[in-house]
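One structure is given here, and the rest of the page talks about it.
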Amino acid sequence: MEVSDAECSQVKRLVRQGGRKCLLLDCRSFLAYSACHISGSLNVRCNTIVKRRAKGSVSLQHIIPAEEPRSRLQEGFYSALVLYDERSQRFELVRQDSTVNTVLTALLGASYPTQIYFLK
């Protein structure tokens, strides 16, 4: 599955058109998320200890602890997933050890049929 870079305007359009069928995953720290985040986004909880113990393979329960959005994702409810962090300007610049890549590995490993975007 391919990850496409998306501008803010494209993500805004996805959210407007898809409504609740677009899942926004904020891959920043909890403190950054608490200070400010996109309305309706979920903070991904994947700390360094969990990533180290899992050796790169983290379960979806660790990434999306809330039962409702996780179940919807597993059932194929979402037509689009948008990942974002605070450091990367494009997906190709995302570091290998980043939370974005950990989340992406978990999503691709479970092979959910959705389009995945990275907010530039």
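Computed from the coordinates by the stated procedures, all read-outs in this text should not be read as laboratory data. Nothing here was measured: the structure is a model prediction, and the numbers come from that model. A quick note on method: Cβ atoms are made from the backbone with ideal geometry, for glycine too, and the neighbour counts reach across all protein chains shown.
A few comments on the model shown:
- Pairwise label distance in nanometres, ILE38 with GLN61, each label 7 Å out on the Cα-Cβ vector: 2.8 nm
- Net charge of neighbours whose Cβ lies under 14 Å from the Cβ of HIS37, counting Lys and Arg as +1 and Asp and Glu as -1: -1
- Packing, as the average of other Cβ atoms within 10 Å across residues, places the peptides 95-102, 21-28 in the order 21-28, 95-102, highest first.
- Positive-end residue, the chain charge dipole about Cα centroid, Cβ charges, pick of LEU81, CYS46, LEU24: CYS46
- Here the chain is treated with +1 on each Lys and Arg Cβ and -1 on each Asp and Glu Cβ, and its dipole about the Cα centre works out to around 160 debye.
- Modelled label reach - THR105, point 7 Å along Cα→Cβ, segment 16-42 residues with backbone N closer than 12 Å: none
- Take each peptide in 29-39, 3-13, count the other Cβ atoms within 10 Å of every residue, and average; sorted highest first, the result is 3-13, 29-39.
- Judged by the gyration tensor of its Cα atoms, with axes a ≥ b ≥ c, segment 3-119 is rounded; a/c sits under the 1.5 cut.
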